[in-house]
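Structure first, commentary second.
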Amino acid sequence: MTEDFAARRASARRRLDAIDPARRGDLSDPYRRGWFRAVYDMADDDPACVPWADLEPHPLLADWLAAQDVAGLRALDVGCGLGDNAEALASKGASTIAFDLSSAAIEWARRRFPASRVDYRVADLFDAPADWRGGFDLVHECYTLQALPALLLAQAAQSLARFLAPGGRLLVIARAREDGAPPSGPPWPLSSREMEAIAAPGLAMSSIEALTSSGEARHWRAIFQRPA
């Protein structure tokens with residue numbers, strides 16, 4: 001990240017925080033759909049203005065993929081943003097669908113990767129296409145859960161679990177906070193108890209790691225699996 005990029009990002013964060021009702025404790029729109037769309041609508045094609053767009057796959061996803069064989073798997077990238085994580089999945093041979101709530105984000109991702117094998121679509125995690133139910137061997141979620149208030153985490157976990165085929169895996173990457181520490185956000189880092197609760201809709205937690213990446217705060221990387 002160049003000094004200029006960092007300065008533009010810091011300026012954008014201030015603008016976005018100023019229009020984010022959740023920053024004022026107002027959760028009248030708990031799904032935060034209006035704010036997420038505003039992020040991309042206000043970005044004016046500058047990725048520095050999208051706080052989570054680093055123009056490369058998340059390091060914890062890239063590290064995980066380096067040790068995995070996902071070739072031929074049906075993969076779903078949740079809240080794909082500008083597409084870097086989805087492209088990483090596809091580059092390893094996964095047949096990948098990637099979706100985002102924002103049509104502007106999807107259009108941007110398609111422009112960035114005009115020859116992509118990824119199927120980019122506009123969709124809502126809480127109102128996803130019916131034919132996605134049980135349709136994926138691998139579901140990747142990075143930073144979506146932590147962007148939602150605690151009152152929606154159980155519903156979001158159920159939505160993610162529905163995507164999995166028998167034997168399918170859900171990979172979750174999120175910032176971590178200590179159990180008992182008050183949540184502060186948005187984003188709201190997840191406690192280990194909140195991570196464990198993702199397994200409630202009939203999944204089993206296969207692994208959970210507390211990791212740091214590129215000098216950032218502690219993160220969770222966890223795998224959940226639907227029974228075969």
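What follows is calculated from the coordinates using simple rules that are stated; it is not laboratory data. Model, not experiment: these values are computed from the prediction. Reconstructed Cβ throughout: ideal geometry from the backbone, glycine too, with neighbour counts over all protein chains shown.
Listing for the model above:
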| item | result |
| --- | --- |
| Evaluated over the stretch 125-204, the Cα radius of gyration and Dmax, each in Å | 12.7, 39 |
| Inter-probe distance in nm under a simple model that places probes 7 Å from Cα toward Cβ, at residue 19 and residue 181 | 3.1 |
| Quotient of Cα Rg and 2.2 N^0.38 Å for the chain, N being how many residues it contains | 0.96 |
| Of every Cα-Cα pair in the stretch 28-163, the percent that sits beyond 27 Å | 15 |
| Net charge contributed by nearby residues that have their C-beta within less than 12 Å of residue 224 (K/R +1, D/E -1) | +1 |
| Protection-proxy order for peptides 55-62, 95-102, each taking the mean of Cβ atoms within 10 Å per residue, highest first | 95-102, 55-62 |
| Between the stretch 1-44 and the stretch 65-94, the alpha-carbon center distance in angstrom | 26 |
| Surface/4 of the Cα convex hull for the stretch 167-228, nm² | 4.5 |
| The chain, relative contact order in percent, only Cα pairs under 8 angstrom and at least six apart counted | 15 |
| Spin-label zone in the stretch 125-156 - amide nitrogen under 14 Å from a point set 7 Å from the Cα of residue 33 along the C-beta vector | 125-129 |
| For the stretch 8-107, average projected area of the Cα convex hull in nm² | 7.0 |
